[in-house]
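Notes follow once the structure below has been shown.
Just so it is clear, none of the values below were taken in a lab; they were calculated from the coordinates. All of these numbers come straight from a predicted model, not from anything done at the bench. Heads up, the Cβs are rebuilt from the backbone with ideal geometry, glycines too, and the neighbour counts pull from every protein chain shown.
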Amino acid sequence: MATTRPTWLTIDLEAVVHNFQQAQEAVGPGVEVWPVVKADGYGLGALPIVEVLDKAGASGFCVALVEEAAPLRASGLQKPISLLSGVFEGQEKAVAQLDLRAFVFNKEQAERLSEAAPAGTLIPLWIKINTGMNRLGFDPEDVASFLAEMDLLTGVWPAGLVSHLACADDVEGDVTNRQLRIMEAVLSHPEVAARQFPVSMANSAGLLAHPDTHFAWVRPGIMLYGASPFYPAPSPVELNLKPVATWTSVIMQVHDLSEGTGVGYGHSFVTGEASRIATVAVGYADGFSRHQEGRIDVLLHGRRAPVVGRVSMDMISVDVTHIPEAAEGSLVTLMGRDGEEEIPVEEIAGRMNTIPYEVFCNLGRRVPRRYLPLDD
Ligand SMILES: *Cc1c(COP(=O)(O)O)cnc(C)c1O
């Protein structure tokens with residue numbers, strides 16, 4: 001195998017398991033935890049994460065798409081897999097073959113799955129209810145009649161009811177309670193109550209902040225990856241979550257520049273004094289966003305150093321004037337801890353004006369992921 005450029009992500013699987021256990025503790029023994037590993041495990045790598053969480057006791061897993069579920073089945077995963085974004089037309093046969101449980105939000109999806117089901121098999125469906133997110137789901141008042149129609153379809157059965165919380169990260173607000181009351185009204189409808197459906201509503205924020213959203217099973221995503229679903233606080237430390245991802249690169253070259261020298265594209269940065277400027281092997285093609293210009297630090301030799309000038313596709317420039325040890329080959333931490341200093345994903349998200357979810361999902365495909373194994 002060709003050796004790779006020394007820019008990589010380290011994913012701490014021990015920390016993922018720790019964070020999963022925090023979710024389990026928050027919901028207690030009666031509630032199933034189904035980790036959400038869509039978008040390739042929020043960019044960190046679904047397969048190794050599923051492998052450790054399968055062993056750690058996950059009841060099932062959630063992905064957004066059929067094409068995200070296929071590699072999990074190919075890896076030998078036996079546990080149930082839910083499809084959070086439902087089934088797109090043409091994917092019904094794959095849902096049957098891969099034994100997936102789709103969130104279904106209209107009658108046509110159920111009918112197409114019914115037609116696709118091989119004779120003698122039953123495809124389980126999660127009936128998605130729109131309780132207030134207003135993206136996907138049946139209107140609450142249509143649920144009973146849809147269930148009656150489903151009873152006439154062969155090859156499919158309603159496995160339970162699901163809904164998604166719009167504002168669970170808003171601990172004080174009333175939206176979550178309103179969504180809960182709508183779900184409870186659906187559940188108390190005589191046609192529905194008789195079926196004693198298992199229900200799922202909670203994402204990470206719901207399961208941490210709103211115990212009454214736990215129901216039968218919960219769907220934590222971001223907390224497993226060590227980031228807080230509450231922005232900007234409480235922090236992961238306050239939630240007893242461990243950071244999972246460390247992003248590392250190296251210095252390629254160091255230049256001693258005199259005062260008044262422009263650096264990088266557009267010379268958007270000009271040295272204000274004699275400076276040592278290091279070129280580091282990471283850029284926006286790796287997910288190191290260009291939108292952070294002028295607001296970024298990285299860590300070198302346990303100290304912070306500012307990124308100066310433009311972020312280019314494959315490189316950044318860092319002012320290391322105050323770090324005399326910095327030299328070609330020095331390790332640079334873009335995200336994570338170096339000695340006493342740390343750059344958490346929340347800091348990167350803040351300076352990009354986004355949330356940790358997007359920082360993780362944008363991590364470039366060409367950055368190799370290395371996994372710290374479990375000690376066992
Ligand atoms: C992504 C997703 C989740 C997980 O949300 P987090 O905020 O990452 O915990 C849960 N449910 C659905 C329907 C989702 O799309």
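Points worth noting:
- Normalised alpha carbon radius of gyration of region 172-318 [divisor 2.2 N^0.38 Å]: 1.66
- Dividing the mean sequence gap of close Cα pairs (under 8 Å, 6+ apart) by how many residues region 78-155 holds gives a relative contact order of 27 percent.
- Applying both filters, DSSP loop and at most 14 other Cβ atoms within 10 Å, to the trypsin sites (Lys or Arg not before Pro) of region 131-188 gives Arg135.
- Per-residue Cβ neighbour rank within 10 angstrom, fewest leading, Lys38, Lys93: Lys93, Lys38
- Residue exposure sequence - Tyr265, Tyr42 - by fewest surrounding Cβ within 10 Å: Tyr265, Tyr42
- Euclidean distance of C-alpha centroids, region 211-252 and region 317-376, integer Å: 16
- When each of Leu299, Leu152 is scored by the number of other beta-carbon atoms lying within 10 Å, the sequence from fewest to most is Leu152, Leu299.
- For a label point 7 Å along the Cα-to-beta-carbon line of Thr4, residues of region 262-290 with backbone N under 19 Å: 280-289
- Overall form of region 59-134: oblate. Here a/c, set by the Cα gyration tensor axes a ≥ b ≥ c, is 1.5 or more, and a/b is not larger than b/c.
- Relative contact order, whole percent, for the chain stands at 18, derived from Cα pairs under 8 Å and 6 or more residues apart.
- Number of Lys pairs (Cα under 18 Å; 8 or more positions apart or on different chains) in the chain: 5
- P(r) of region 314-376 over all Cα-Cα pairs, binned every 10 Å from zero, in whole percent: 15, 40, 36, 9, 0
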